[in-house]
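The values are calculated or read from the model by the stated rules, or taken from the named source; none is laboratory data. The structure displayed is predicted, hence computed values, not measured ones. Neighbour counts run over all protein chains shown; Cβ positions are idealised from the backbone, glycine included.
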Amino acid sequence: MKLLYLGNQLSKHGFNKTTIETLGLQLEQEGYTIYYASDKKSFLFRLLDMIWAVFIYRKQVSYILIDTYSTKAFWYAFFCSQLARIFNIKYIPILHGGALPNRLKKNPKLCQILFANAHKNIAPSGYLKKAFEKAAFTNVIYIPNSIEIEKYPFKKRTELTPKLLWVRAFASIYNPEMAVKVLQQLQKKSPSATLTMVGPDKDGSLQTTKDFAKSIGVTVNFTGQLPKEDWWQLATTHDIFINTTHFDNTPVSVMEAMALGLPVVSTNVGGIPYLLRDKENALLVNDNDVVAMTNAICSLLEDREQCKTLALNARNFIEQMDWDVVKEGWKLVLR
């Protein structure tokens, strides 16, 4: 079977890999032939490249997969889906971004045109599935983001130190400055506390975060973007993973931290509570609550048994998202 996959294929430009570059490869390994668009850096050129790909491959592919986001990239999905309808090609939006429910409320007519006419809408989280069903879409299927669990060595942490790790693109919606504020508060109780922040810049937030850390006299290790294997190795020298986002769906970096055995402290926004259960496989705090996140970290440092339990539960939970399990859902959709 031949597929066209539309999304932001931008890792060669210094951005993190998105689903198009992970799921696409996994589907290829299952025997599907996949054409891709687009790796163009410019928004306009990327849109034109996607539209051209729909036209070029219109007679060759059985389905078009479309990574569908809530902000500017929403328009890729909208225009390409309507072209697919003209050519009578089945298209499948893959829903991303914790703010998609806001898009459903903001543009109900456009969303109706896009999502109601899809072959299926793939929700990688119970959060988005519930939001779309609440908006009366009946063609929504839950297929979680996946990881290849055998690639993630689980480290049992018998001794916990206040070494924090943050992995995400630097963008305002992910609230990177909160991580710096947490470090500042934590150092008042644990002067040896450190923070490493890994990820590329997306909207100028990297420099803003650096300037903020400098302004309050806090030293942070900014690594820039790292290949997955490098940050996995870096994780072995850190003991707590923090996620500070304002909006979210099912972040792969958090899933990877769970697989690696890093206890996670996160804001409880968007789809996060569908992935992380407070005091079961992670600790959750309210959005932008620096004091609560600092206290949660301190509770982990003081209670090693709690930390051990959270990490083991997180690993057991994430094993359900191994590709060997998740791929069966995709085979059903694409049969």
Please specify each residue of region 182-217 satisfying the condition of being assigned to a loop (DSSP other than H, G, I, E, B), surrounded by 18 or more Cβ atoms within 10 Å (Cβ to Cβ) and of a type in the set (A, V, I, L, M).
A193
Among residues belonging to region 3-17 that are among the polar types (S, T, N, Q) and under 22 Å from I56 (Cβ atoms), point out the one that is surrounded by the most Cβ atoms within 10 Å (Cβ to Cβ).
N8
Quick one: would you say T309 is surrounded by 15 or more Cβ atoms within 10 Å (Cβ to Cβ), without any contact (Cβ under 8 Å) to a residue 12 or more places away in the chain and more than 15 Å from the chain's Cα centre (by Cα)?
yes
Which residue out of N243, N288 is surrounded by fewer than 17 Cβ atoms within 10 Å (Cβ to Cβ) and either free of Cβ contacts under 8 Å to residues at least 40 places away in the same chain or touching a helix residue (DSSP H, G or I) at 6+ places or on another chain (Cβ under 9 Å) (or both)?
N288
Residues within region 91-142 that are touching a Pro at 6+ places or on another chain (Cβ under 6 Å) and more than 24 Å from R335 (Cβ to Cβ), tallied:
1
For I94, are the conditions met, namely being outside the structural domain of A259 (by TED's automatic domain parsing) and either over 18 Å from the mean Cα position of the chain (by Cα) or among the acidic types (D, E) (or both)?
no
Out of S70, S81, report the one residue that is among the small types (G, A, S), more than 17 Å from the chain's Cα centre (by Cα) and surrounded by 15 or more Cβ atoms within 10 Å (Cβ to Cβ).
S81
